[in-house]
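Reviewing the structure listed below.
The values are calculated or read from the model by the stated rules, or taken from the named source; none is laboratory data. A quick note: this is a predicted structure, and the numbers were derived from the prediction, not measured. Ideal geometry is used to build each Cβ from the backbone, glycine not excepted, and the neighbour counts take in all protein chains shown.
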Amino acid sequence: MRANVWSGRNTVQVENVPDPKLLNDRDAIVKITSTAICGSDLHMYDGYIPTMKKGDILGHEFMGEVVEVGRGVSNLQAGDRVVVPFPIACGDCWFCRHELYAACENSNPNGGLAEKMFGHPTAGIFGYSHLTGGYAGGQAEYARVPYADVGPFKVEDDLPDEQVLFLSDIFPTGYMGAEFCEISGGECIAVFGAGPVGQFAIASAVMLGAERVIAIDHVDYRLEMARNKAGATDTINFREDPDVVEQLKLLTGGRGPDAVIDAVGMEAVSGHVPVHAAERLKQAARAETDRGAALRDAILACRPGGIVSIIGAYGGLMDKFPTGALMNKGLSIKTGQCHVQRYLKPLYEHVKAGHIDPSFVVTHRLELGEAPNGYETFKHKEDNCVKVVLKP
Amino acid sequence: MTENSTAGFPRPVDATLHGATDYSVGAALMTVFPRLARVEGTPAGRQIRTAGAIHAGYSTLTDYPLGVVRLLPYKAHLAIDAIGALALAATPFATGQFRQGRSQWVPHVALSAFELVSLMLSDPTGRGNYKADVAAVRRSNMEDPHRKVHDKTPAVTRRSDSVARETAQ
Amino acid sequence: MGSKAAITLLRSHEEVRRLWNSPEYPHEYIDAVDASVTFRDAPGDRGTEIHVELERGAPRGKLREAVQKVVGSASLAKVKDDLRRFKQRAETGELPRSEGTPEGERAERKLKQHPAQPLKESELEKAGL
């Protein structure tokens with residue numbers, strides 16, 4: 001089959017690889033009808049994620065039709081249309097039983113590696129380096145899905161792919177970010193990052209009842225989409241004025257937002273040119289792995305007693321984390337890889353009820369063979385690119 | 001390794017890495033290099049310090065990811081790198097100091113060779129290292145990005161009490 | 001740098017003992033080395049803890065101590081592998097297999113992964129599948 005594989009820094013190639021086979025009784029094979037490129041894929045593309053191997057198939061947002069199931073799978077049969085969540089969860093360990101699926105203890109066969117980096121093993125993830133298990137990803141024609149009796153979510157045929165595809169990752173991730181903010185109605189929420197996850201965080205905050213949702217980014221067309229489609233009430237482009245903290249205070253009558261969502265992660269861009277230059281230099285020399293410009297601003301901007309909700313992806317260590325501001329303002333941090341499995345059903349109901357149309361983020365729909373161009377376009381934010389969907 | 005240029009060999013150093021090297025090597029030349037090469041206090045030492053300062057200087061004015069004031073086009077920067085490398089190698093011979101011993105010309109030639117090799121490995125393609133074929137993307141895109149961004153119909157409805165209750169489980 | 005390892009299973013004390021002694025749930029490395037294995041109830045609803053301690057004679061001399069540290073950490077990695085594999089089998093009924101590590105978790109495999117793409121027939125045979 002054809003698959004998009006990692007071939008080195010800034011290089012992906014669509015190659016012919018063997019078709020997947022069942023390896024375990026609880027596996028299923030899915031024929032992929034739609035898949036997408038995620039912002040976190042860019043961290044591997046840019047060379048910031050260790051334990052990559054040439055030939056690794058990328059992609060963790062995919063859906064399609066079940067074509068084969070192992071003997072241990074009774075809830076699915078060939079022909080079922082499914083969306084596959086990106087964390088691989090066994091369903092049987094203490095964490096899965098407590099709905100903390102992204103913390104599954106059993107699904108990562110390279111748990112020892114993750115333990116060295118993070119202190120504990122975390123769940124396996126499709127197509128996301130050997131740290132998360134070395135599972136083949138979904139930017140391909142077929143994928144093997146482990147624990148198919150736990151993960152894949154059956155969807156009916158009436159909704160087009162692009163309205164349900166994002167249940168696999170970015171919609172639940174954005175939603176979890178907004179849920180962390182404990183919105184009860186009337187709050188001001190600041191969302192750092194207007195990429196696809198940021199767009200869903202904004203839309204979810206709107207759905208949950210926030211009164212003001214402020215989108216922060218440095219790319220005008222993304223802020224425009226946040227305003228037009230996702231429901232942002234205000235936007236800040238920090239290229240015009242790099243002092244985001246001050247602008248947020250002005251927009252909130254001097255108070256600061258009640259909660260902040262970091263939907264940016266480790267490749268943050270600072271509006272202050274020397275700061276950004278210094279951070280890029282440190283990263284190029286691998287003296288730090290994570291650029292924390294967005295997180296720093298978020299912590300400084302959040303009002304005392306507020307919530308810092310971190311859904312942007314980080315991998316290692318950042319410099320100059322504002323522990324003083326955090327502690328003295330009494331902020332709460334809530335963060336994590338999204339426990340997608342617990343959001344699938346409720347968010348699917350929202351889509352079916354017409355409360356949200358997730359396909360709004362899709363700006364590019366390309367054939368799988370165009371994946372290398374897709375990555376470059378997405379990475380450099382060319383051609384009004386927000387989200388790229390690939391069709392195998 | 002993808003072919004980043006028409007040169008027919010890989011050029012894996014992108015503009016960011018080139019910039020990182022510019023600053024680190026420039027700084028090293030201005031500070032510790034003369035002592036390590038045992039040319040401290042000699043004409044060679046002064047020349048190397050000057051070369052380092054000039055190099056770091058025009059790097060800050062270059063239009064590439066690590067530039068501070070983005071004036072000088074990246075390709076022009078690479079051209080200055082090449083000319084500077086040749087000038088540095090020629091300097092000991094132009095002044096005649098090469099007759100005073102190896103330490104008065106070998107560092108220049110070595111640094112020049114290093115610079116020329118790094119130039120050969122540097123990918124000169126434009127701002128932001130964007131290597132995709134925009135035209136091909138626009139042709140094969142089955143969606144209209146401009147419309148998706150600028151269309152004013154909201155994709156989400158503001159909360160009604162039912163939404164929060166349903167999801168609160 | 002210790003010679004102990006522990007893991008918790010979401011199963012009752014009796015169940016864990018029974019499975020530990022059953023031939024379908026092997027733990028070959030722990031059996032082969034001189035190790036003491038004890039079981040304890042974990043607090044609350046967390047299940048049962050398994051503690052493994054490798055017997056070690058007191059090392060004589062700095063060199064032996066250093067050697068023992070290196071060999072010991074490799075040994076401890078294999079003990080942890082055995083424990084994780086036992087837990088995976090007991091809780092989920094199978095070993096997690098990825099394209100990078102088709103035999104399940106193995107210390108030796110950590111540095112020599114297969115690329116994360118489906119295996120060819122010959123590779124599947126070699127992995128015993």
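List of remarks:
- Residue list for the range A:94-109, restricted to those being out of contact with any strand residue (DSSP E or B) (no Cβ under 8 Å at 6 or more places or on another chain), in contact (Cβ under 8 Å) with a residue 40 or more places away in the chain and surrounded by 23 or more Cβ atoms within 10 Å (Cβ to Cβ): A:96
- The range A:256-299, residues that are under 20 Å from residue A:237 (Cα atoms), of a type in the set (A, V, I, L, M, F, W, C) and surrounded by fewer than 20 Cβ atoms within 10 Å (Cβ to Cβ): A:269, A:273, A:275, A:277
- Count - residues of the range A:79-124 that are among the hydroxyl-bearing types (Ser, Thr, Tyr) and more than 9 Å from chain C (Cβ to nearest Cβ): 2
- Any chance residue A:150 is in contact with a Lys or Arg (Cβ under 6 Å, 6 or more places away or on another chain) and at pLDDT 95 or above: no
Matching residues to (1) assigned by TED's automatic domain parsing to the domain that holds residue C:33; (2) free of Cβ contacts under 8 Å to residues at least 60 places away in the same chain; (3) more than 26 Å from residue C:16 (Cβ to Cβ):
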site: C:78; (1), (2), (3): yes, yes, no
site: C:81; (1), (2), (3): yes, yes, no
site: C:85; (1), (2), (3): yes, yes, no
site: C:90; (1), (2), (3): yes, no, no
site: C:102; (1), (2), (3): no, yes, yes
site: C:107; (1), (2), (3): no, yes, no
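- Restricting attention to the range A:183-193, the residues that are away from chain B (no Cβ under 11 Å) and either in contact with a helix residue (DSSP H, G or I) (Cβ under 7 Å, 6 or more places away or on another chain) or of a type in the set (Asp, Glu) (or both) add up to 6.
- Pairing residues of the range C:114-129 that are at the interface with chain A (Cβ under 7 Å from one of its Cβ atoms) with residues that are surrounded by 15 or more Cβ atoms within 10 Å (Cβ to Cβ) and not in a loop (DSSP other than H, G, I, E, B), at Cβ distances under 8 Å and at least 6 apart in sequence or on separate chains, gives C:115/A:5; C:116/A:57; C:116/A:130; C:116/A:135; C:117/A:3; C:117/A:5; C:117/A:57; C:118/A:144.
- Residue ID - surrounded by the fewest Cβ atoms within 10 Å (Cβ to Cβ), chosen from residues in the range B:55-89 that are out of contact with any helix residue (DSSP H, G or I) (no Cβ under 7 Å at 6 or more places or on another chain) and either among the β-branched types (Val, Ile, Thr) or on the phi > 0 side of the Ramachandran plot (or both): B:83
- Here the helices (runs of 4 or more DSSP H) wholly within the range B:1-113 that include at least 1 residues being touching a Pro at 6+ places or on another chain (Cβ under 7 Å) and away from chain A (no Cβ under 14 Å) are B:43-60, B:74-95.
- For the range C:96-113, the set of residues classified as touching a Lys or Arg at 6+ places or on another chain (Cβ under 6 Å) and more than 7 Å from every other protein chain (Cβ to nearest Cβ) is empty.
- One residue stands out in the range A:227-277 among those that are within 10 Å of chain B (Cβ to nearest Cβ) and outside any loop (DSSP other than H, G, I, E, B): the one that is farthest from residue A:313 (Cα to Cα), namely A:228.
- Checked against (1) more than 9 Å from chain C (Cβ to nearest Cβ); (2) more than 22 Å from the chain's Cα centre (by Cα); (3) among the β-branched types (Val, Ile, Thr); (4) crowded, with 19+ Cβ neighbours inside 10 Å, residue A:37 passes all but condition (2).
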